1. Any residue in segment 234-253 that is closer than 10 Å to H171 by Cβ sitting within a Cβ distance under 7 Å of a residue that is among the acidic types (D, E) and assigned to a helix (DSSP H, G or I)? List the pairs, counting only those 6 or more apart or interchain.
2. Which condition does I179 not pass, out of (1) part of a loop (DSSP other than H, G, I, E, B); (2) exposed (fewer than 14 other Cβ atoms within 10 Å of the Cβ), if it passes all the others?
3. Name the residues in segment 153-165 that are touching a Ser or Thr at 6+ places or on another chain (Cβ under 7 Å) and open to solvent by 40 Å² or more (accessible area, probe 1.4 Å), would you?
4. In segment 1-14, what count of residues is obtained for those that are out of contact with any Leu (no Cβ under 7 Å at 6 or more places or on another chain) and either buried (at least 20 other Cβ atoms within 10 Å of the Cβ) or in a helix (DSSP H, G or I) (or both)?
5. Look through segment 231-248, keep the residues that are among the aliphatic types (A, V, I, L, M) and under 11 Å from the mean Cα position of the chain (by Cα), and return whichever of them is surrounded by the most Cβ atoms within 10 Å (Cβ to Cβ).
6. Would you check if there is a residue in segment 149-157 being touching a helix residue (DSSP H, G or I) at 6+ places or on another chain (Cβ under 8 Å), assigned to a helix (DSSP H, G or I) and within 20 Å of G40 (Cα to Cα)?
7. Which residue out of M218, M264 is open to solvent by less than 60 Å² (accessible area, probe 1.4 Å), of a type outside the set (V, I, T) and either touching a Cys at 6+ places or on another chain (Cβ under 8 Å) or part of a loop (DSSP other than H, G, I, E, B) (or both)?
8. Taking into account only those residues within segment 111-121 that are touching a helix residue (DSSP H, G or I) at 6+ places or on another chain (Cβ under 7 Å) and either surrounded by fewer than 16 Cβ atoms within 10 Å (Cβ to Cβ) or not in a loop (DSSP other than H, G, I, E, B) (or both), which is modelled with the lowest pLDDT?
Amino acid sequence: MNYIGEMAALSAAIVWAMATWIYGQFSHRFSALQLNIIKGIVASAMMLVVLPFLPQASIEISQQHALILGISGVIGIAIGDSAYFASLKRIGPNNTLLLESLAPPLSGLLALLFLGLGLSVFNWLGVIVTTVAVTSVMLQPSANRGDISRSGIGFGLLASVCQASGVVISHFALVAGDIDPLVGALLRLSIGVLAVAMIIPFVEKKPFSSLIRLGKGMPKPDKLYLLAAIAVGTFFALWLQQVALKHANPAIAQTLIATSPLFMLVIYKMKGLTISKRSVYGTLVAIGGIAMLLIG
């Protein structure tokens, strides 16, 4: 059996964990909408550069499927990613990724209701095991965990709902229109960032001039650091996500992508932070849940 979609989803989880850590360092420098615009413009440019060099990358898309991908971009990227950055700013990367673990069951429910993509009982058990394991790891008591912002939780939940909705809509367009994953990712991202650019003047004062000023004031190492986060977290992660959505059931793909908090443990270890036994056990249980998804 071909596991291209599942492997792409796991790879997306790894690079998204790396990017989330880096984005967390910039979440207090830019607003959520500004950060969304920055990563959208830079990542779109990267995709445009790479696209001509890909073999058999067809850009033929029907108006219907282009519209569907556009709607997916507005929901998943314009609204979802902006909510994600807002949550990241208020409750940090750990809790934000925790709330994103709610996306897999939502994806499964939406896929079942609108696409008729039912999961077996074994698949659903794998979804539950993986999600519970991720949640268990991220909810463990911490001495430095203070009061959690309610608005941060709200934005995190909104990001999870938008992510699940955008995934199911995107899956339909990619499969029904036989669209190249990178082309689909570029279209979603471009329309998503365009929507944010149209909205931001109504919610922030002089957002573009402020964005340029803050960008110019950044030290060169910080600019390279942010560029790395965009390359890894948006360019590669979104591309891998589209590959996963085209070749795997959206609920399974989202469950694998939702293992990002577990890969964050590796980052903690590299940063010299202590990893608890509960984190290790949760990781092993999540791997078991992933195996159930693939076997079932």
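1. What qualifies is A248/E6.
2. Here I179 meets the rest and fails (2).
3. F155
4. The qualifying residues number 4.
5. Only one residue tops the list, namely L238.
6. There is at least one residue in segment 149-157 that is touching a helix residue (DSSP H, G or I) at 6+ places or on another chain (Cβ under 8 Å), assigned to a helix (DSSP H, G or I) and within 20 Å of G40 (Cα to Cα).
7. Selected residue: M218, the only one of M218, M264 that is open to solvent by less than 60 Å² (accessible area, probe 1.4 Å), of a type outside the set (V, I, T) and either touching a Cys at 6+ places or on another chain (Cβ under 8 Å) or part of a loop (DSSP other than H, G, I, E, B) (or both).
8. Looking at the filtered set, the residue picked out is L115.
The values are calculated or read from the model by the stated rules, or taken from the named source; none is laboratory data. Quick caveat: nothing in here was measured; it's all calculated off a predicted structure. Methodologically, a virtual Cβ is constructed for each residue, glycine included, from the backbone with ideal geometry; neighbour enumeration extends over all protein chains shown. Just the protein is used for accessible areas: all its heavy atoms, side chains included, with ligands, DNA and RNA removed. Shrake-Rupley method; radii C 1.70, N 1.55, O 1.52, S 1.80 Å.
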